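Below is one structure, written out as structure tokens; comments come after it.
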Amino acid sequence: MKLVTVLLTALLAASFAQAQNPLALGKDLRTADPSGHVWPDGRMWLYTSHDQECQDDFHMKDWTAFSSTDLVHWTNHGAVLSVKDLAWADDYAWAPDAAYKNGKYYLVFPAGTGVKDRQNPKLSTKWMGIGIAESDSPAGPFKDMIGAPLWRKPYANDPALFVDDDGRAYLYSRTSGVNYLVVEMADDMRSIKGGLQKMDMGGYEPPMEGPWVFKRNGLYYFTMPEHNRVLTYYTATAPKGPWTYRGVIMDAEGGNNHHSIVQYRGQWVLFYHRWLDVPGAACAKKQRHVAAEYLHFNDDGTIRKVERTQQGVGDFPQRVSGQ
């Protein structure tokens with residue numbers, strides 16, 4: 001009887017260990033908009049926005065970093081940058097991204113000022129821009145070295161920073177008036193080269209937010225939450241396009257969904273966020289939590305559709321144990 005109890009306990013523990021969605025980033029911590037990167041230290045790093053508990057209308061104040069070697073156990077490195085560290089913004093610490101270049105780590109982030117009046121939009125004073133901060137460590141702290149956004153017009157948020165194999169860095173963002181824009185960063189990563197350029201998206205340009213760009217086998221992927229909720233993607237043979245629309249990666253589930261796609265220890269992983277009920281929370285509404293799933297490609301480079309699971313990447317240690 002004792003042996004049966006021990007075995008059942010072990011099975012339950014194993015099952016619990018593999019139930020990793022959302023990721024175990026911290027008790028009572030609300031995170032969203034995960035930007036995943038593998039740096040020279042060999043760890044998987046996540047840079048996320050940080051929702052305040054039961055927050056009202058996305059008034060967010062800092063950006064948080066996490067790291068892991070097995071995607072199950074995560075180290076919380078705390079806030080790596082806060083709006084209180086900025087001279088040009090005091091709110092809206094939304095979806096960040098990061099890059100490694102010139103021996104330094106860069107955090108590209110949106111932030112803003114003012115108030116959005118949802119009842120009377122004409123009275124809104126909200127503005128957002130994109131900043132860039134530097135650090136000698138992936139864990140930060142990051143410092144805003146230019147003390148200003150990279151540009152003030154157009155209004156912009158949700159930056160994606162992609163460094164190509166030749167070291168050239170490209171910044172993609174969501175902007176007001178027109179989307180699907182790209183600009184090349186200066187070599188020192190403290191300014192942009194020229195103006196924003198409109199990309200050729202092959203005639204299909206739905207409303208979007210939170211773009212993410214990566215490269216695999218010489219093919220560039222521009223991925224995004226289409227209509228802010230359904231993850232879809234394009235491919236191209238150059239970082240500025242022209243792009244060809246390829247279809248859906250992940251269906252919608254309630255609220256918006258920001259994501260990133262990165263390869264780690266031979267496995268491709270999709271990081272995203274979910275809107276989930278929180279037992280015992282101070283409010284009776286769904287809140288955001290970072291989650292992850294494996295991502296798979298077909299032989300022709302197209303992406304197989306991803307389904308949300310309770311397990312997520314909880315078996316990652318077992319998958320890579322033979323390496």
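The values are calculated or read from the model by the stated rules, or taken from the named source; none is laboratory data. Predicted, not measured: the structure shown is a model, and the values here were computed from it. Here Cβ is always computed from backbone atoms with ideal geometry, including for glycine, and neighbour counts include all displayed protein chains. To get the accessible areas, we keep the full protein, side chains included, count just its heavy atoms, and leave off ligands, DNA and RNA. Shrake-Rupley method; radii C 1.70, N 1.55, O 1.52, S 1.80 Å.
When the helix-only estimate is applied to the chain (DSSP H runs of n ≥ 4, each -39,500 (n - 2.57), divided by the residue count), what is the mean residue ellipticity at 222 nm, nearest 500 deg cm²/dmol?
Result for the chain, helices only: -2000 deg cm²/dmol.
Only Lys, Arg, Asp and Glu count, each charged at its Cβ (+1, +1, -1, -1), so figure out the dipole size of segment 154-290 about its Cα centre, rounded to 20 debye.
Dipole of segment 154-290, to the nearest 20 debye: 260 debye.
May I ask you to give the solvent-accessible area per residue for segment 206-261, in square angstrom, as obtained with a 1.4 angstrom probe?
33 Å²
Regarding segment 105-166, what is the average projected area of its C-alpha convex hull, in nm²?
5.8 nm²
Roughly how many Å² of Phe142 are accessible to a 1.4 Å probe, to the nearest 10?
10 Å²
Using only the alpha carbons of segment 157-294, determine the length spanned along each of the three principal axes and report them from longest to shortest in whole angstroms.
50, 39, 32
Consider all pairwise Cα distances in segment 132-188 and report the whole-number % of them above 12 Å.
Value for segment 132-188: 72 percent of Cα pairs lie more than 12 Å apart.
Could you please state, rounded to a whole Å, how far the C-alpha centre of segment 153-191 is from the C-alpha centre of segment 89-152?
Centre-to-centre distance over Cα atoms comes out at 13 Å.
With a 10 Å radius around each residue's Cβ, average the other Cβ atoms per peptide and rank 214-221, 263-270, highest first.
Going by the mean number of other Cβ atoms within 10 Å, highest first, we get 263-270, 214-221.
Would you kindly derive the ³J(HN,Hα) couplings of segment 115-128 from the backbone phi angles with the Karplus curve 6.51 cos²θ - 1.76 cosθ + 1.60 (θ = phi - 60°), listing them in order in whole Hz, with x for Gly and Pro?
The phi angles translate into 9, 8, 9, 6, 7, 10, x, 5, 8, 5, 10, 5, 9, 9 Hz.
In terms of the Cα gyration tensor, with a ≥ b ≥ c the square roots of its eigenvalues, is segment 44-91 rounded because a/c is under 1.5, prolate because a/b exceeds b/c, or oblate?
oblate
Taking the Cα centre of segment 54-118 as the origin, how large is its charge dipole in debye, to the nearest 20, when only Lys and Arg (+1) and Asp and Glu (-1) carry charge on their Cβ atoms?
240 debye
How do Leu23, Leu123 rank by accessible surface area computed with a 1.4 Å probe, from largest to smallest?
I get Leu123, Leu23, largest accessible area first.
Using θ = phi - 60° and the Karplus relation 6.51 cos²θ - 1.76 cosθ + 1.60, list the HN-Hα couplings for segment 98-108 in order, rounded to whole Hz, with x at every Gly or Pro.
3J(HN,Hα) across segment 98-108, in whole Hz: 8, 7, 10, 6, 6, x, 10, 9, 10, 10, 9.
Dipole magnitude of the chain about its Cα centre, charges +1 at Lys/Arg Cβ and -1 at Asp/Glu Cβ only, in debye to the nearest 20?
Computed charge dipole of the chain: roughly 220 debye.
With a 1.4 Å probe and every protein chain left in place, tell me how much accessible area Glu184 has, in Å² to the nearest 10.
That residue has around 20 Å² of solvent-accessible surface.
Would you pull out the residues with amide H under 5 Å of Val248's amide H, same chain only if 5 or more places away, H placed 1.01 Å from N?
Placed amide hydrogens put nothing under 5 Å from Val248.
So how many Å³ per residue does the convex hull of the Cα atoms of segment 213-295 work out to?
Taking only Cα atoms, segment 213-295 has a hull volume of 105 Å³ per residue.
Residue by residue, what Karplus-based ³J(HN,Hα) values in Hz, rounded to whole numbers, does segment 285-299 have, using 6.51, -1.76 and 1.60 with θ = phi - 60° and x for Gly and Pro?
8, 5, 10, 8, 9, 6, 9, 8, 9, 6, 10, 10, 10, 7, 4
Could you tell me what percent of the accessible area of segment 122-258 is made up of carbon and sulfur, with a 1.4 Å probe and every protein chain present?
49 percent
Stokes-Einstein D for segment 46-191 at 10 °C, 1.306 mPa s, Kirkwood Rh over Cα pairs, in µm²/s?
100 µm²/s
Take the Cα coordinates of segment 262-323, assign each an equal point scatterer, and use the Debye formula without solvent to give log10 I(q)/I(0) at q = 0.22, 0.29, 0.30 Å⁻¹.
-0.96, -1.26, -1.29
Eigenvalues of the Cα gyration tensor times 5, then square-rooted: what semi-axes does that give for the chain, in whole angstrom, largest first?
31, 24, 20
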